[in-house]
Each structure stands twice: as C-alpha cells, then as structure tokens.
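A.B. asks: I have a structure I would like to understand better, so I am pasting it below and will then ask my questions one at a time.
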Amino acid sequence: MEAVRARVLRVAQAAVIVLLTLAAAAARADDADKARELFTQGNTFFDLGQFDKAIDAWQQGYQLKNDPGFLYNIAQAYRTMGDAQKAIFFYKRYLSNAPKAHNRSEVEQKISALQQQLSAQEQAKGLPPPGPFGPDNPGNAGNAGATTTPPATTATTPPPASGVAPPAVTGAEAAGTTPPPQDLGSAGTVAGGSVTDVAPTPPPHRIDLRAAVGFDAWASGLQENAQPSFAFTLAGGYTFGAPSSQFRFRLGALFGYTFLKESSGKDTFTSFLIDPTLVVRVLPKLTLMADLGLGVLSVSGLTKSSSLLATDMVTINGSQALGLVRVGAAAEYDLTQNVSVFLWPAYASSPKKQYFYQDIARFEVLAGFAYRP
C-alpha cells in the first residue's frame, strides 16, 4: 500500500507541475493577444487624432509585451502633439531597446531636430521683449524726446524642425533583434498602409462539444489476455485565448465508457475526468492538442472469477472506484468554422486497489467530431 500511495503522490505532483505550466503558457498567450489588441486600438486612436488615448493604449500594450515598436509609436504621438521633451525620451528608449533598428539614423535625426527645437525655445525665453527702453536700444533710455525705432527683427520661436510627424509606426518600421510591431497584428502584415491577409482567421468559438468512438487495448491489470474493447467518449470544454493565437489553453471535462468481456460476464468501465489541454495551432485548419485528464474510474459488474481480481475468495458488491490519470494527444482538422474531425490516442492508468490483480492500464484510440456552437 505504501508503494501505491507513493506512486499516486508522484503522479499527482507531476500533474500539478503540468497544470501550472499549461496555465502559465495560457497566461502568456493571453498577454500577447491583449497587446495586439491595444496596438491596433492605439493606431485607430492616432488616425482619429486622439493622441492621448493612443498613447494610453500603447503604454498598456508595452506593459504586456515589451516590443520597442510601442515606444516608437508613443514618441511619434508626442512629437505630433508638440511635446518635444517626451518625444525625445521615448525615441531614446526605442533605440535603447532596439539597438539594431533599421531606422536608427532616421530616429537619431529626429532626436537632433527636436533637441535644436528645445534649445531655440529656451533661448527665446531668456530674451527680454523688444522696446525703446530695452537693451536693444539703450541709448534712448535717458532721452525722452528721442524718436524710438523698433528693432528690425524680433525673437520668435522657430517651428518644429521636422514638421508634422508621420502617422504612428506599423509593423514595417521596427526591426532589429526584437520582433517588429507587425508581429502584434492578428489580421496580417501592415506595410505601406495596406493590409495583406496571411492566413484565414480561425473561428472565434470558445465552447466545444465532442463525441468519439474507438477501442481500448488492455496493457496491464488482467490475469489473462483480452481482446480490445469498444470505447465511447463524450467531452466538452472552454478554450482561453484569442483564436489567432498559436498557443491556447482549454479546460474541459469528459465522460468515458468501455467494457471488458469475460466468460463469466462483462465488466463495465465508466470514467469521469477533468481534462486541461494545451492547444497549438500549426496550420490555419490543423490543431494539435495535449491533454492530461485527472479523475475517477468506476468498475462495475465484477464477479469472483473476474480476471481483474487477484483472488476468487472475495465477493465484490456494487461498483469499485479507482483513481484515473489519462494522458492524450490529438490532431484536429477544421471542416468548417463549427465542425472539426479529430484523432485522439491516449494512455489511461489506475493504481491497483485492494483485491485487484495489478494496476489497470489501457491504450485508447478514439476518432470523432467536435462541434463549436
């Protein structure tokens, strides 16, 4: 019994680690999706002239995904608003975070022009206003009857050296070792103001219902060999993350049924599992999934002569409940936006209970349909 408990503990620990890893991957995917949405929102606000809202959106996006393209866009917005000091700050932060940016020389020229603009503004602030008693005409200070001649020129603040800033940068303007902002988009690659779709957008449906049939082959737990048995599964789940994300996290549940045909009768296996799943989209219509089901297996119909039992000296009344760990991997292909077909092999194992012969292990192969309402 101690060995069984230790094994169950190890399996539980491994399951917790896998679940935490899946949850962390899902959280990172959600952050990247939200960053893409904020990047697009910022561009929209910029196009509408709502520069403060554009800056807020890009700052929030940068907190989720440290892409230097956000910093460049913020600098562009401040430059357009005439805030040279903040524009210089964010241009410098952009170059610091993207030291190999292809537009580095262009950004450095903008910084230099903005610094000259600030210097001219500071000099203009230090000059007194022109007039008959100013330093421009000191000789007239004591001659009240003298005719004063205004200076030929007055100090004025020069306009921004580089004119009105161009629209906020899109994907093509950031480069270097850091992924360019075009990676933030979900619809396609932005270049020259036009959008080119790179792949069909996956369906936005998050809830799925699944039905599958197949067979179970017995790996251990029997005192004698047995033929593969019919298997049936119903499942459902909810997928977190944007449909355009490569990695998503699905939390589901499943009901499984199979049986073991024996000379003395039929042993029925019914399972109920919580089934967290990592979802990876490898092609526009092809998805791979890895799941770890944790739950309970109910075995009913046992008799004294059952090959599942270690001895025929005990009488089993009612159903027997065992823990169940099920590890699966699936490939799914989208037929339409709502319907997919999938192939789902898995390995299921239950630790031995008192009076049972061995741990019960099964290889399972299922195929079925998924429907996303």
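Yes/no matrix, rows are residues, columns are (1) surrounded by fewer than 21 Cβ atoms within 10 Å (Cβ to Cβ); (2) modelled with pLDDT under 90; (3) under 17 Å from Tyr91 (Cα atoms):
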position: Ala12; (1), (2), (3): yes, yes, no
position: Thr44; (1), (2), (3): yes, no, no
position: Asp56; (1), (2), (3): yes, no, yes
position: Gln59; (1), (2), (3): yes, no, yes
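A.B. asks: Still on this structure, I have one more. For segment 55-114, how many residues meet the condition of being closer than 25 Å to Lys34 by Cα and outside any helix (DSSP H, G or I)?
C.D. replies: So the count comes out to 5.
A.B. asks: Take the residues in segment 262-312 that are among the charged types (D, E, K, R), out of contact with any Ser or Thr (no Cβ under 7 Å at 6 or more places or on another chain) and not in a loop (DSSP other than H, G, I, E, B); name whichever of them is modelled with the highest pLDDT.
C.D. replies: So the residue we want is Asp275.
A.B. asks: Search segment 283-319 for residues being among the aliphatic types (A, V, I, L, M) and without any contact (Cβ under 8 Å) to a residue 12 or more places away in the chain, and hand back the single one that is farthest from Gln358 (Cα to Cα).
C.D. replies: Only one residue fits best here, namely Leu283.
A.B. asks: Then there's this: Cβ contacts < 7 Å: first residue in the same structural domain as Leu71 (by TED's automatic domain parsing), restricted to segment 32-49; second residue among the charged types (D, E, K, R), any location; separation 6+ or different chain. Result?
C.D. replies: Here the result reads Ala32/Lys65; Ala35/Lys65; Phe45/Lys53, each pair linking segment 32-49 to a residue that is among the charged types (D, E, K, R).
A.B. asks: For Phe215, are the conditions met, namely being assigned to a strand (DSSP E or B) and at pLDDT below 95?
C.D. replies: Answer is yes for this residue.
A.B. asks: Quick one: which residue in Gly323, Gly328 is surrounded by 14 or more Cβ atoms within 10 Å (Cβ to Cβ), in the same structural domain as Pro276 (by TED's automatic domain parsing), in contact with a helix residue (DSSP H, G or I) (Cβ under 8 Å, 6 or more places away or on another chain) and farther than 21 Å from Gln223 by Cβ?
C.D. replies: Gly323
A.B. asks: Of all residues being part of a strand (DSSP E or B) and closer than 17 Å to Thr268 by Cα in segment 313-332, which is farthest from the chain's Cα centre (by Cα)? Just the residue, please.
C.D. replies: Checking each candidate, the answer is Gln320.
The values are calculated or read from the model by the stated rules, or taken from the named source; none is laboratory data. Note that this is a predicted model, so its numbers are computed, not measured. Don't worry about glycine lacking a Cβ; one is built from the backbone with ideal geometry, like all the others, and counts go over all protein chains shown.
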